[in-house]
Each structure stands twice: as C-alpha cells, then as structure tokens.
1. Which members of region 161-177 meet the condition of being assigned to a helix (DSSP H, G or I) and either out of contact with any Ser or Thr (no Cβ under 7 Å at 6 or more places or on another chain) or surrounded by 21 or more Cβ atoms within 10 Å (Cβ to Cβ) (or both)?
2. Within region 106-150, work out how many residues are assigned to a helix (DSSP H, G or I), more than 12 Å from Ala38 (Cα to Cα), under 16 Å from the mean Cα position of the chain (by Cα) and touching a residue at least 12 places away in the same chain (Cβ under 8 Å).
3. Within region 86-106, how many residues are in contact with a Leu (Cβ under 9 Å, 6 or more places away or on another chain) and open to solvent by 60 Å² or more (accessible area, probe 1.4 Å)?
4. Looking for something touching a helix residue (DSSP H, G or I) at 6+ places or on another chain (Cβ under 8 Å), open to solvent by 30 Å² or more (accessible area, probe 1.4 Å), β-branched (Val, Ile, Thr) and modelled with pLDDT of 80 or more - is there at least one such residue anywhere in region 137-159?
Amino acid sequence: MRHDLVRRGLHLEYLTVGWNLLEAVIAVSAGILAGSIALVGFGVDSVIELSSGAILLWRLASDREEESRERIEARALQLVGASLLALAAYVAIEAAKTLIEGEAPRTSYIGIGLAIASLIVMPLLARAKRRVAAGIASRALVPDSRQTDICAWLSASLLAGLVLNAWLGWWWSDPAAALLMLPFIAKEGIEALKGERPCACD
C-alpha cells in the first residue's frame, strides 16, 4: 500500500516538474514581451515550484531507506520552505519596483490563457499530493502541495491583473495582484523551515 502511494507521489511530482517547466518558459517569455511583472513573477514561481518538485522526487525516491527517511524528510521540508521564501522575496522586490516606476504592462492573451490553464490544473494536482502525503505521513509533501495551491492562487491573481489591465487599463492591478499573495507565501515558507507544517489531508 505504501509502495503504491509513493509511486503515485513520484508520478505527481514528475507531472509537477514537467508542467512547471512548460509554464515557466511560456510565462517568462510572454511576461518579458508584455512587460508584465506579475507574468514574469508567475514564471519564476514555476521555476521555484519546479525545484520543489525535484526536492520531493529525491524525498520520495529515498522512501525505502527507513533508517534515513526522517533525516531526508526534515531536509526536504527545509529546502521547500527556503524556496517559498525565495519566491516571496522576488515578488516583493519586483512588484514594488513596478509600482514605484509606474511601468504599464501590455496586454498578454498568452498570459491570460496560461493563467486559466494553471487555475484548472493546479488545484487538482495539490489535492492529489495531499492525499499521498496523508497516506505516507510525509511532512515535506504537505508544504509542496501548499506551494502548488499557491501556484493556483497566483494564477487567479495573475488572471485578474491581466484582465483588468487588458479591459480597463488598470496597469497597477498587475503588481498589486502579485503583492496580495506575499503573506500566504511567506507564512508557508516560515512554517516549513520551522518544521511546523503538520501532515494534513483533505
């Protein structure tokens, strides 16, 4: 039973890595073309979540090594927490810079399409990860699933910012949407670094 759950977790992390690689390339490219900090930030989030997925692949691949499982689990939890705080720092600096300088992004329909696709995929992926985390009692997989949740929240925030900019010309909605996510991202990162995230399921 545990072996099946670990294998399912590995498949989910491979999907996470593949999706986020594609997402990062599209988001960063479209964001640079449109001058959208929220879109570029979304791409950077994808890179960070990609690294988080790689960390969890390492954690799950080592699951059979019972004597070192807890040590690897604790290390993976810290690495995921650090990746979340790195994301928070990037979003804060770039969004503040955009608001101060008044850089108005151009409309990006590619970005809007990407945000919609991510908004559909990420909640399903996060839910599946939490089920595996509960089944194998993995404290590291829970914040990884939260990071996937954050990606979904960022997708909604990104979509709102891009649409408001495209339809109403509210350029400030783009960085403001990114800034709204900061408390959630930082909270998850700090909890993961402290090892406080319990293994919760749906």
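1. Step one: list which residues in region 161-177 are assigned to a helix (DSSP H, G or I), which gives 161-168, 173-177.
Scanning region 161-177 gives Gly161, Leu162, Val163, Asn165, Trp167, Leu168, Ser173, Asp174, Pro175, Ala176, Ala177.
2. Of the residues in region 106-150, the ones assigned to a helix (DSSP H, G or I) are 109-136, 141-150.
Now drop any that are not more than 12 Å from Ala38 (Cα to Cα), which leaves 109-110, 113-114, 116-136, 141-150.
Those still in the list that are under 16 Å from the mean Cα position of the chain (by Cα) too: 114, 116-130, 141-150.
The next check asks that each one be touching a residue at least 12 places away in the same chain (Cβ under 8 Å); those that pass are 114, 116, 118-119, 121-123, 125-130, 141-150.
Residues that pass the stated criteria total 23.
3. Going through region 86-106 one residue at a time, the tally reaches 2.
4. Start the filter on region 137-159 by keeping residues that are touching a helix residue (DSSP H, G or I) at 6+ places or on another chain (Cβ under 8 Å), which leaves 138-159.
Retained after the next criterion (residues that are open to solvent by 30 Å² or more (accessible area, probe 1.4 Å)): 139, 146, 153, 156, 159.
Among the residues that remain, those that are also β-branched (Val, Ile, Thr) are: none.
No; the residues of region 137-159 include none that is touching a helix residue (DSSP H, G or I) at 6+ places or on another chain (Cβ under 8 Å), open to solvent by 30 Å² or more (accessible area, probe 1.4 Å), β-branched (Val, Ile, Thr) and modelled with pLDDT of 80 or more.
The values are calculated or read from the model by the stated rules, or taken from the named source; none is laboratory data. Treat the numbers as computed from the prediction; the structure is a model and nothing was measured. No Cβ is skipped: glycine too gets one built from the backbone with ideal geometry, and neighbour counts run over all protein chains shown. Side chains are part of the model used for accessible areas, which takes the heavy atoms of the whole protein and leaves out ligands, DNA and RNA. Shrake-Rupley method; radii C 1.70, N 1.55, O 1.52, S 1.80 Å.
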